[in-house]
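Worksheet for the structure shown next.
FYI, it's all coordinate maths here, none of it is from the lab. The shown structure was predicted, so the numbers you read here are calculated from the model rather than taken from an experiment. Heads up, the Cβs are rebuilt from the backbone with ideal geometry, glycines too, and the neighbour counts pull from every protein chain shown.
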Amino acid sequence: MLAGQLALIAAALFTGAAFYINFAEQPARLDLDARGSLLEWKRAYGRGLTMQLSLVVAGFLLGMLAWSQLDDISWLVGALVMALNIPYTLGVIGPVNARLDAIDVANPPPESRSLLAQWGSLHAVRTAIGFAAMLVFLQGSLS
């Protein structure tokens, strides 16, 4: 059962971090001018990626371990939902990330603001995915 509890913790930490980005960091970023908001995104993104990817992988692996130990489908479903963050990030958010990363901070074009706003909306889906995984893991821990 320890693996399941740790999977739930990883999902909760991921969800909390993702929510913080959408609730606090992204609005503050968008209050800056184009150069400042782009610079802040570039500095924060790499750190956030490392932390959130680690939590996704940990949640997935721990959920799979809990499933193998407890033979409860909730853990498998939660692990797979948690893992959805990876293809979603690569396939949907990835192109926006690449466009933002290619922009010269010294001379950001007007579209950089709309790209940052689009990125925030896309990132909110990651928050929802993490929350869904957390709820499924919670159900598994209660059964």
Derived scalar couplings ³J(HN,Hα) [segment 83-95; Karplus, 6.51 cos²θ - 1.76 cosθ + 1.60; whole Hz; x for Gly, Pro]: 5, 4, 4, 5, x, 4, 5, 5, x, 9, 7, x, x
Let me make sure I get this right: for segment 27-98, a, b and c are the square roots of the gyration tensor eigenvalues over alpha carbons, sorted descending. Under 1.5 in a/c it's rounded, otherwise prolate if a/b > b/c, else oblate. Which is it? prolate
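Report, in deg cm²/dmol and to the nearest 500, the calculated mean residue ellipticity at 222 nm for the chain, where each DSSP H run with n ≥ 4 adds -39500 (n - 2.57) and the sum is divided by the residue count.
-27500 deg cm²/dmol
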Determine by what factor the alpha-carbon radius of gyration of segment 73-138 differs from 2.2 N^0.38 Å, reporting the quotient. 1.41
Candidates for Rg and Dmax of the Cα atoms in Å are [x] 31.8, 110; [y] 15.1, 48; [z] 16.8, 55, and the calculated one carries label [z]
Using label points projected 7 Å from each Cα along Cα→Cβ, tell me how many nm separate Ser68 and Asp33, to one decimal. 5.5 nm
Distance in nm between label sites at Ala102 and Lys42, each 7 Å beyond Cα in the beta-carbon direction? 1.5 nm
